[in-house]
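K.L.:
Just dropping this structure here.
Rule-based calculations on the coordinates, nothing more; no lab input. Everything numeric in this text was worked out from a predicted model, so none of it was measured. Because the Cβ atoms are built from the backbone with ideal geometry, glycine has one as well, and the counts that use them run over all protein chains shown.
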Amino acid sequence: MRAVTDDDLDALFLLESDVEGADMIAFLPREPGDRAAFDAHWERVRRDPDTMLRVIEADGGFAGYAVSFLMNGERQVGYWVVRELWGRGIGTAALHALIAELPQRPLWGSTAGDNLGSQRVLRNAGFVFDRVERTTAPRRDGEIDERVFRLD
């Protein structure tokens, strides 16, 4: 993994334009493929000193990103892997690498209730299930069960 640069923005945009991936995540607050909204979001995120962004590389190329940010005073982690690479352990390896850079505990990660693959990634990275919350999911047009995991 490495820090995100300006040269990564097109690859990040293509990744976040994947409708199936966005639907699995469920919490993406903008429409996939909306470049203006993407650019505004990423400009804000990259300026935030509490956010850590890393590009995931696999097989010599861009494979996604891992991120950590503060939400309501809690240190959150997340990731997004190129759909063609799902199921190869890349998300788990990226999450392990990100966790190693974060001294704070606890760390928190959440998934849509039906996103079993991401729940498995969190468990494989050492997170334990903490609770279910009802949460608004823009990609699902309503509220869904969000499964919240914790790493101490």
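K.L.:
Here are the criteria: (1) free of Cβ contacts under 8 Å to residues at least 60 places away in the same chain; (2) in a helix (DSSP H, G or I); (3) under 22 Å from Ala125 (Cα atoms). Tell me which single one Met24 does not satisfy.
P.N.:
With (1) free of Cβ contacts under 8 Å to residues at least 60 places away in the same chain; (2) in a helix (DSSP H, G or I); (3) under 22 Å from Ala125 (Cα atoms) applied to Met24, the lone miss is (1).
K.L.:
Next question. Could you please find all residues in region 128-152 being farther than 25 Å from Glu16 by Cα and in contact with a Leu (Cβ under 6 Å, 6 or more places away or on another chain)? Steps first, answer last, please.
P.N.:
Going residue by residue through region 128-152, those that are farther than 25 Å from Glu16 by Cα are 128-132, 150-152.
Of everything in region 128-152, just one residue is farther than 25 Å from Glu16 by Cα and in contact with a Leu (Cβ under 6 Å, 6 or more places away or on another chain), namely Leu151.
K.L.:
Separate question: Restricting attention to region 111-126, does a residue exist that is under 18 Å from the mean Cα position of the chain (by Cα), within 18 Å of Met71 (Cα to Cα) and small (Gly, Ala, Ser)?
P.N.:
Checked region 111-126: at least one residue is under 18 Å from the mean Cα position of the chain (by Cα), within 18 Å of Met71 (Cα to Cα) and small (Gly, Ala, Ser).
K.L.:
Ok, one more. It is to be established whether one or more residues within region 1-10 are within 26 Å of Asp145 (Cα to Cα) and loosely packed, with under 13 Cβ neighbours inside 10 Å.
P.N.:
Here is the first cut: in region 1-10, the ones within 26 Å of Asp145 (Cα to Cα) are none.
There is no residue in region 1-10 that is within 26 Å of Asp145 (Cα to Cα) and loosely packed, with under 13 Cβ neighbours inside 10 Å.
Listed here are the residues, each with its yes/no results for (1) over 25 Å from Thr135 (Cα atoms); (2) surrounded by 15 or more Cβ atoms within 10 Å (Cβ to Cβ).
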{"residue": "Val19", "(1), (2)": "no, no"}
{"residue": "Ala26", "(1), (2)": "no, yes"}
{"residue": "Pro32", "(1), (2)": "no, yes"}
{"residue": "Ala36", "(1), (2)": "yes, no"}
{"residue": "Asp48", "(1), (2)": "no, no"}
{"residue": "Ile56", "(1), (2)": "yes, yes"}
{"residue": "Ala66", "(1), (2)": "no, yes"}
{"residue": "Gln76", "(1), (2)": "no, yes"}
{"residue": "Gly87", "(1), (2)": "yes, no"}
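K.L.:
Cβ contacts < 8 Å: first residue without any contact (Cβ under 8 Å) to a residue 12 or more places away in the chain, restricted to region 130-152; second residue of a type in the set (A, V, I, L, M), any location; separation 6+ or different chain. Result?
P.N.:
Hits for this filter: Glu143/Ala137.
K.L.:
Here's another thing I want to ask about it. I'd like to verify a number: residues in region 120-152 that are farther than 19 Å from Glu74 by Cα and polar (S, T, N, Q), how many?
P.N.:
The number of residues fulfilling the criteria is 1.
K.L.:
When you go through Trp80, Trp42 one by one, which is the residue that is aromatic (Phe, Trp, Tyr) and buried (at least 20 other Cβ atoms within 10 Å of the Cβ)?
P.N.:
Trp80
K.L.:
Can you tell me which of Asp48, Asp34 is out of contact with any His (no Cβ under 6 Å at 6 or more places or on another chain), among the acidic types (Asp, Glu) and under 25 Å from Asp141 (Cα atoms)? Please lay out each step first, then the result.
P.N.:
Working: Asp48 fails: under 25 Å from Asp141 (Cα atoms).
Sole residue among the options that is out of contact with any His (no Cβ under 6 Å at 6 or more places or on another chain), among the acidic types (Asp, Glu) and under 25 Å from Asp141 (Cα atoms): Asp34.
K.L.:
Just to verify a result, which residue in region 78-98, among those that are in contact (Cβ under 8 Å) with a residue 60 or more places away in the chain and under 11 Å from the mean Cα position of the chain (by Cα), is nearest to Ser118 (Cα to Cα)? Step through it out loud before you land on a result.
P.N.:
Within region 78-98, the first condition is being in contact (Cβ under 8 Å) with a residue 60 or more places away in the chain, and the residues that meet it are 80, 82-83, 94, 97-98.
Now narrow it down to the ones that are under 11 Å from the mean Cα position of the chain (by Cα): 80, 94.
Details: Trp80: 9, Ala94: 12 Å.
So, considering only residues that are in contact (Cβ under 8 Å) with a residue 60 or more places away in the chain and under 11 Å from the mean Cα position of the chain (by Cα), the one nearest to Ser118 (Cα to Cα) is Trp80.
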